[in-house]
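S.K.: Shown below is the structure under consideration.
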Ligand SMILES: C[S@@+](CC[C@H](N)C(=O)[O-])C[C@H]1O[C@@H](n2cnc3c(N)ncnc32)[C@H](O)[C@@H]1O
């Protein structure tokens, strides 16, 4: 079982902490961690519906939520949804906890580790939306195997998504955009919902901004917002 003092890594390559947390944030994280963090079962699947007290209509999952700006906005706009967020970076999780505290959000749960560990514990066809927003591009060729969007993770995402569910991915990195499209377009479990750049250079109204999108804008980089739909299992079978 994982707790705040015993965070174990698996396939996560980024940093887990930058500067020390402010005393107030550290106190808040300690207070909220036992209530809002997801504890994986020793074996078997996670009883994900029991995580929430409001019997959510759907469960959404955000992989690498950073400081949680997007997750917070989605949780506020969609109180009937239960949102799971994965982020191994403690300063990011602390940012989300600050939002939970300020906005009094009860439909959010976080997992402070590699998303793959949580996804492996989720049942088939349990998730209605997955977000991967501005994943680390790992630009050096020898680091490409670290990219979160990869065949192995897409297989798991495909397994946990319901038929017709959405996978939303954003990036400001040209090479990673090509990489993402190549992997998803060759994957018959997904169809891309766009017919040209005029669709994917614009973020829809129900797609809140993130910190990294803001950084990209300030640096003059265009972002791509791509939505893929999980194809129906019946059609494929
Ligand atoms: C470039 S940041 C983007 C953060 C945020 N989505 C945004 O747009 O502002 C990528 C984030 O993904 C997280 N990340 C990387 N690999 C991950 C993994 N395997 N599971 C969960 N989060 C991961 C990193 O810790 C980092 O915070």
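Please treat every number below as a calculation from the coordinates, not as lab data. Remember, it's a predicted structure, so these values are computed and weren't measured experimentally. Note: ideal-geometry Cβ built from the backbone for every residue, glycine included; neighbour counts use all protein chains shown.
S.K.: Could you calculate the contour length gain from residue 215 to residue 24, that is, 0.36 nm times the residue separation minus the distance between their Cα atoms, to one decimal place in nm?
M.R.: Values: separation 191, 0.36 × 191 = 68.76 nm, distance 2.65 nm.
Full extension of this stretch gives 66.1 nm more.
S.K.: Same structure again: Could you tell me which of rounded, prolate or oblate describes the stretch 56-236, using a ≥ b ≥ c as the square roots of the eigenvalues of the alpha-carbon gyration tensor, with rounded for a/c under 1.5 and, failing that, prolate when a/b is larger than b/c and oblate otherwise?
M.R.: Rounded, because the longest to shortest axis ratio a/c is under 1.5.
S.K.: Considering the zone a paramagnetic label at residue 193 would reach in this model (a point 7 Å from Cα along the Cα-to-Cβ line), which residues of the stretch 121-135 have amide N under 20 Å from it?
M.R.: 125-135
S.K.: In the Gaussian network model of the chain, springs joining C-alpha atoms below 10 Å, which of 68, 220, 92 carries the largest mean-square fluctuation?
M.R.: So, out of 68, 220, 92, the one fluctuating most is 220.
S.K.: Related question: Can you figure out the FRET efficiency of residue 124 with residue 201, using R₀ = 45 Å and their beta-carbon distance, to the nearest 0.05? Walk me through the numbers before you get to the answer.
M.R.: Numbers: r = 34 Å, r/R0 = 0.75.
After rounding to 0.05, the efficiency reads 0.85.
S.K.: Next question. Run the helix sum for the chain: -39,500 (n - 2.57) per DSSP H stretch of 4+ residues, divided by residue count, reported at 222 nm to the nearest 500 deg cm²/dmol.
M.R.: Details: 9 runs with 81 residues, N = 237.
It comes out at -9500 deg cm²/dmol, rounded to the nearest 500.
S.K.: Peptides 104-111, 190-197: what's the order by average Cβ count within 10 Å, highest mean first?
M.R.: Going from most to least packed, we get 104-111, 190-197.
S.K.: Follow-up. Which percentage, to the nearest 5, of the DSSP beta bridges contained in the stretch 56-236 is antiparallel?
M.R.: On the way: 9 of 29 bridges.
The antiparallel proportion sits near 30 percent.
S.K.: Can you tell me which of 132-138, 38-44 comes out highest on packing, and rank the rest after it, using the mean Cβ neighbours within 10 Å?
M.R.: Details: 132-138: 20.6, 38-44: 11.0.
Packing order, densest peptide first, comes out as 132-138, 38-44.
S.K.: What does the highest-first list of 179-187, 224-232, 74-82 look like by mean Cβ count within 10 Å?
M.R.: Details: 179-187: 15.8, 224-232: 19.2, 74-82: 17.4.
Taking the mean over residues of other Cβ atoms within 10 Å, the ranking is 224-232, 74-82, 179-187.
S.K.: Ok, one more. Could you work out how far apart the two model spin labels at residue 163 and residue 58 are, taking each label as a point 7 Å from the Cα in the direction of the beta carbon, and quote it in nm?
M.R.: 1.6 nm
S.K.: Quick check: the distance between the Cα centres of the stretch 138-183 and the stretch 88-107, to the nearest angstrom?
M.R.: For the stretch 138-183 versus the stretch 88-107, the Cα centre distance is 25 Å.
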